[in-house]
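The structure appears right after this line, and notes come after that.
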Amino acid sequence: ALGGIPDNVSATYLTNSMGSSPNFFAFSDYYARRGRFLDTGLDLWEYQGTGSIHGKSLIVDGRYSAVGSLNLDDRSLYLDTEAMLLIDSEPFAELMLAATGDIMQSSLQLDSDGHYLAGTIEPAHAGIIKRVTMAVLSVFTGLFRSLI
């Protein structure tokens with residue numbers, strides 16, 4: 001279950017946008033629950049570039065960094081043998097932020113209603129077939145969340 005992030009803590013989450021994601025099943029589940037992510041107080045960003053990102057890292061409060069093979073989904077948490085290393089180091093967190101700078105420049109932040117905030121780039125285009133397919137899948141992926 002997703003919990004809330006205290007007001008005195010900043011957490012940024014970066015994932016693919018619908019336009020950049022090649023994984024219909026995983027993205028449709030995220031899309032169905034995107035509001036729950038936003039409700040936690042996360043700064044939620046979606047990558048708009050060509051291709052997709054496959055990194056698995058998390059930086060919390062400019063101090064804690066998590067790096068590993070763990071996806072933030074039910075399958076990785078309960079079925080797979082995934083690993084995540086938690087590092088308590090402000091200098092390391094700064095290095096992680098710097099390393100993701102190019103990706104962040106090709107990403108857009110979402111507001112609390114799930115709309116993109118104004119940015120210097122355009123949102124990645126997802127064709128009508130992809131949008132409809134994701135919307136339909138998002139209705140059903142919750143039933144199979146632990147398998148995708």
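Here are the numbers:
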{"quantity": "In Å², nearest 10: area of Asp113 left accessible to a 1.4 Å probe", "calculated": "120 Å²"}
{"quantity": "Amide H partners (placed H, <5 Å) of Ala11, local residues excluded", "calculated": "Asp43, Asp61"}
{"quantity": "Charge sum, other residues only, whose C-beta stays under 13 Å from His115's C-beta, Lys/Arg counted +1 and Asp/Glu -1", "calculated": "-2"}
{"quantity": "Local electrostatic count at Ile5 - Lys and Arg +1, Asp and Glu -1, tallied over other residues with Cβ under 12 Å", "calculated": "-4"}
{"quantity": "Student exercise, region 28-137 dipole from Lys, Arg, Asp, Glu Cβ charges, in Debye to nearest 20", "calculated": "400 debye"}
{"quantity": "Considering only the chain, percent of DSSP beta bridges that pair antiparallel, nearest 5", "calculated": "75 percent"}
{"quantity": "Sulfur and carbon atoms: percent of accessible area, region 15-129 [1.4 Å]", "calculated": "56 percent"}
{"quantity": "Under the span-like rule (Cα at least 15 Å along the axis, Kyte-Doolittle mean at least 1.0), DSSP H helices of the chain", "calculated": "128-140"}
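The values are calculated or read from the model by the stated rules, or taken from the named source; none is laboratory data. On a predicted model such as this, the values are computed, not experimentally measured, just so you know. Note that we place each Cβ from the backbone using ideal geometry, even for glycine, and neighbour counts take in every protein chain shown. Just so you know, the surface numbers come from the protein's heavy atoms only, side chains and all, with ligands and any DNA or RNA stripped out. Shrake-Rupley method; radii C 1.70, N 1.55, O 1.52, S 1.80 Å.
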